[in-house]
Amino acid sequence: MLRLRPTLPDVLEIAGRRVPLVATRRTTARMVRLKANSVSGAIEISLPPRGGEAAALALLKSHHDWLAAKVATWPRPIPFAPGFIIPIDGAPVLIDWQAGHPRTPALLADRLRLGGPAESLGPRLERWLKARAKADLEAATQRFADQLGRTVARVSVGDPATRWGSCAGWNRPEGARIAYSWRLILAPAFVRHAIAAHEAAHLVHPNHSPAFHALNRALDPRAQDARRWLARHGAALHWVGRPF
Ligand SMILES: [Zn+2]
């Protein structure tokens, strides 16, 4: 993938928002393709290995209304900044920052109290959420693995754009490695734990066969509800901690 030289604009004005345009060349692309990515918040355009800029501009023009309708449904960014409300466990929580508050974040019902330097508020809040996500998902994964009599070598959290969880090395003697999106801590607990059940079921079945789904349901009967919740609200979780 090569980044295109700036013959196309970097930013588009769509539906009253400034939306980045990300153009990439793909060796396998035969024609120009357009995508409104509600997770990254960008208009993505893929071009063949050479040329295509004129076709891309024409496509952007002819699809303006379609793009505007898509962008209008995108979530709004919620920055990690004082006074903003972020979801934790699916419930709204006010970021209650004041210089005089204790530096360590404390979740007090519907507000997250923290002090320390204002400049480092964002990174500190993200670290705190990641740690909370890891602790919760590690415990949930371990519970399911114990039920199944399987070993998990490592549970980690990251920030993947397209997956909520992944399970690698299911048949390694030392146990599998399971990774989650830290953003699951923003979702209701039943959603997070259903994802943990899904990944734990992969400790037994490294596929999405009927046997896998039966085991997944046995571990957590709300697997389908969780998928539905994420299909509806998942993109918005990616806009938490994003500046305007
Ligand atoms: Zn899976």
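The values are calculated or read from the model by the stated rules, or taken from the named source; none is laboratory data. Being a predicted model, the structure only gives us computed values, none of them experimental. Heads up, the Cβs are rebuilt from the backbone with ideal geometry, glycines too, and the neighbour counts pull from every protein chain shown. Side chains included, ligands, DNA and RNA excluded: accessible areas come from the protein's heavy atoms. Shrake-Rupley method; radii C 1.70, N 1.55, O 1.52, S 1.80 Å.
Across segment 67-72, coupling constants 3J(HN,Hα) worked out from phi with the 6.51/-1.76/1.60 Karplus curve, θ = phi - 60°, read 4, 4, 5, 5, 4, 4 Hz, and Gly and Pro carry x.
Dipole magnitude for segment 129-237: computed about the Cα centre from +1 point charges on Lys and Arg Cβ and -1 point charges on Asp and Glu Cβ, it is near 220 debye. Dipole of the chain computed with +1 at Lys/Arg Cβ and -1 at Asp/Glu Cβ about the Cα centre; of I78, N171, Q224, farthest Cα towards the positive end is N171. Surface exposure of the chain, expressed per residue as accessible area with a 1.4 Å probe, stands at 54 Å². Near D96, once Lys and Arg are set to +1 and Asp and Glu to -1 for all other residues with Cβ below 9 Å from its Cβ, the sum equals +2. Cross-link partners of K35 among lysines, defined as those whose alpha carbon lies under 23 angstrom from its own and excluding same-chain residues fewer than eight positions apart: K61, K70. Secondary structure note: in the chain, about 60% of the DSSP beta bridges are antiparallel. Between A118 and Q147, the distance separating the two model label sites (each 7 Å from Cα on the Cα→Cβ line) works out to 4.7 nm. Sorted from longest to shortest, the spans of the Cα atoms of segment 129-237 along the three principal axes equal 37, 29, 21 Å.
Quick one: if the Förster radius is 41 Å, what FRET efficiency do A55 and A131 give, using the C-beta to C-beta distance and rounding to 0.05? E(calc), rounded to 0.05, equals 0.30. Principal axis extents of the C-alpha atoms in segment 66-150 (largest first, rounded to whole Å): 48, 45, 22. Global dimensions of segment 85-126 from alpha-carbon coordinates: Rg and Dmax equal 9.8, 28 Å.
Once backbone amide H atoms are built at 1.01 Å from N, R26 has L47 as its partners under 5 Å, excluding neighbours fewer than 5 places away on the same chain.
Considering segment 2-72 at the alpha-carbon level, its Rg and Dmax are found to be 11.5, 34 Å.
Both the radius of gyration and Dmax for the chain are 21.0, 59 Å, in that order, over alpha-carbon atoms. Taking the Cα centre of segment 85-126 as origin and assigning +1 to Lys and Arg Cβ atoms and -1 to Asp and Glu Cβ atoms, the resulting dipole is close to 140 debye.
DSSP bridge analysis restricted to segment 2-72 gives an antiparallel fraction near 70%, rounded to the nearest 5.
Taking the accessible area of segment 85-126, probe 1.4 Å, and keeping the other protein chains in place, the carbon and sulfur fraction comes to 58%.
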